[in-house]
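**Student:** After the structure tokens below, expect a handful of questions from me.
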């Protein structure tokens, strides 16, 4: 049986007028959090490619993995996470966050 990990799923819907250069800057800044916040186990991300048309214009999905709720809780107020939030906020229309413990079959 695989060890359970805590996934912190973050979905972004950008404002309609945000340019590609700004989005790339945000993508890179999010990925840099792994090098700045030691409680992060890993980060993976991608953009929506679903053909179902149910994304509600959310385009970016980031999975941040932690070993514990305490690790996640240390990440949330971390100064580098707060700086990222300040960088992101002028471009963001909506964000959706879901945390879950992994289950394996």
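The values are calculated or read from the model by the stated rules, or taken from the named source; none is laboratory data. Treat the numbers as computed from the prediction; the structure is a model and nothing was measured. Glycine also receives a Cβ, built like all others from the backbone with ideal geometry; neighbour counts cover every protein chain displayed.
**Student:** In region 32-70, how many residues are free of Cβ contacts under 8 Å to residues at least 40 places away in the same chain, closer than 17 Å to residue 95 by Cβ and not in a loop (DSSP other than H, G, I, E, B)?
**Tutor:** Matching residues across region 32-70 total 4.
**Student:** So residue 59 clears everything in (1) surrounded by fewer than 10 Cβ atoms within 10 Å (Cβ to Cβ); (2) closer than 19 Å to residue 14 by Cβ except one condition, right? Which one?
**Tutor:** (1)
**Student:** Cβ contacts < 7 Å: first residue over 30 Å from residue 101 (Cα atoms), restricted to region 9-31; second residue part of a helix (DSSP H, G or I) and modelled with pLDDT of 95 or more, any location; separation 6+ or different chain. Result?
**Tutor:** Hits for this filter: 15/91; 18/91; 22/91.
Results for (1) touching a helix residue (DSSP H, G or I) at 6+ places or on another chain (Cβ under 9 Å); (2) exposed (fewer than 10 other Cβ atoms within 10 Å of the Cβ), shown as yes or no for each residue.
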site	(1), (2)
13	no, no
27	no, no
38	yes, no
43	yes, no
54	no, yes
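**Student:** Are any residues in region 71-89 under 11 Å from the mean Cα position of the chain (by Cα) and either in a loop (DSSP other than H, G, I, E, B) or modelled with pLDDT under 95 (or both), and if so, which ones?
**Tutor:** Matches in region 71-89: none.
**Student:** Which one of these does residue 103 not meet: (1) closer than 12 Å to residue 8 by Cβ; (2) touching a residue at least 24 places away in the same chain (Cβ under 8 Å); (3) surrounded by fewer than 14 Cβ atoms within 10 Å (Cβ to Cβ)?
**Tutor:** With respect to (1) closer than 12 Å to residue 8 by Cβ; (2) touching a residue at least 24 places away in the same chain (Cβ under 8 Å); (3) surrounded by fewer than 14 Cβ atoms within 10 Å (Cβ to Cβ), residue 103 is out only on (1).
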